[in-house]
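The values are calculated or read from the model by the stated rules, or taken from the named source; none is laboratory data. Note that the coordinates shown come from a computational prediction; the quantities given were computed from them, not determined experimentally. For neighbour counting, all protein chains shown are included, and Cβ atoms are generated from backbone atoms with ideal geometry for every residue, glycine included.
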Amino acid sequence: TRFGTGEQNNGWFQMVGNDLWYIKTKNTGLGRIELHSATAASGYTSGESFVTYISTGDQDNGWFQMVGTDLFFIKTKNTGDGHVEVHSATRGSGYQSGQHNATWMPASDNSNGWFQMLGADLFFIKTKNTGSGQVEMHVAWASTNYQGADHSVTRFGSNEQDNGWFQIIHRDLWFIKTRNTGGRVEIHSATEASGYTAGQSNATWMSPLDQSNGWFQVGVK
């Protein structure tokens with residue numbers, strides 16, 4: 001790609017469709033978070049670059065994610081009222097404005113799992129300090145101004161908390177297991193249709209030796 005490996009610790013990498021996006025949160029030129037893309041059409045050698053309104057002072061305060069071409073910031077630390085917040089920077093505004101909402105989720109859960117936007121809804125995949133001893137899924141719905149909730153217990157034990165990457169696709173939960181596998185990176189799912197109690201399990205060609213060498217993500221179709 002067009003990105004040097006010197007950027008490895010300067011932000012977040014994410015696939016959106018077949019294009020690669022880099023959300024640069026550290027060591028930016030203007031003290032604001034930047035967005036850079038590398039498009040599949042260019043062979044990942046060129047793309048777009050933007051400066052957002054979000055300060056790099058928030059670099060360690062939460063989770064950054066592209067939803068389509070909009071940037072979302074899930075603020076889990078140093079929030080105003082002790083609750084997880086959802087902020088966005090929209091493509092339509094040139095990444096200079098967006099939404100700002102406080103959710104029902106307590107900021108005390110900031111280190112207890114994975115936060116992800118699915119469209120405008122916020123999902124929290126709780127992998128640590130769960131009441132059930134299993135990985136749990138919690139949702140804050142945008143349609144309720146992030147005050148409405150759903151709660152589910154999944155088939156994954158919370159002992160998997162440090163063994164890989166968790167991701168929601170179409171409201172199904174996916175677990176990319178990169179540690180303590182049978183010798184290859186594994187992919188496991190827990191489907192919404194099963195109440196998150198069943199899904200697929202597959203071993204990939206990828207070596208777990210790459211577990212700390214980059215970002216893992218299941219593609220969306």
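Here are the numbers for this structure:
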| read-out | value |
| --- | --- |
| Test: residue in the range 99-110 that is hydroxyl-bearing (S, T, Y), out of contact with any helix residue (DSSP H, G or I) (no Cβ under 8 Å at 6 or more places or on another chain) and under 13 Å from Y146 (Cβ atoms) | yes |
| Only one of N9, N27 that is under 18 Å from the mean Cα position of the chain (by Cα) and at pLDDT 95 or above | N9 |
| Identity of the residue in the range 33-49, part of a strand (DSSP E or B) and either buried (at least 17 other Cβ atoms within 10 Å of the Cβ) or among the β-branched types (V, I, T) (or both), that ends up farthest from the chain's Cα centre (by Cα) | A38 |
| Pairs where the first residue, in the range 129-140, is hydroxyl-bearing (S, T, Y) and the second is at pLDDT 95 or above, C-beta under 6 Å, 6+ apart | T130/E136; T130/S158; S132/V153 |
| Hits in the range 183-199 (condition: assigned to a loop (DSSP other than H, G, I, E, B) and closer than 25 Å to Q211 by Cβ) | G183, R184, V185, Y196, G199 |
| Number of positions in the range 1-41 that are touching a residue at least 40 places away in the same chain (Cβ under 8 Å), small (G, A, S) and out of contact with any Phe, Trp or Tyr (no Cβ under 9 Å at 6 or more places or on another chain) | 1 |
| Selected residue [out of contact with any Asp or Glu (no Cβ under 9 Å at 6 or more places or on another chain), modelled with pLDDT under 95 and surrounded by fewer than 19 Cβ atoms within 10 Å (Cβ to Cβ)] from G182, G133 | G182 |
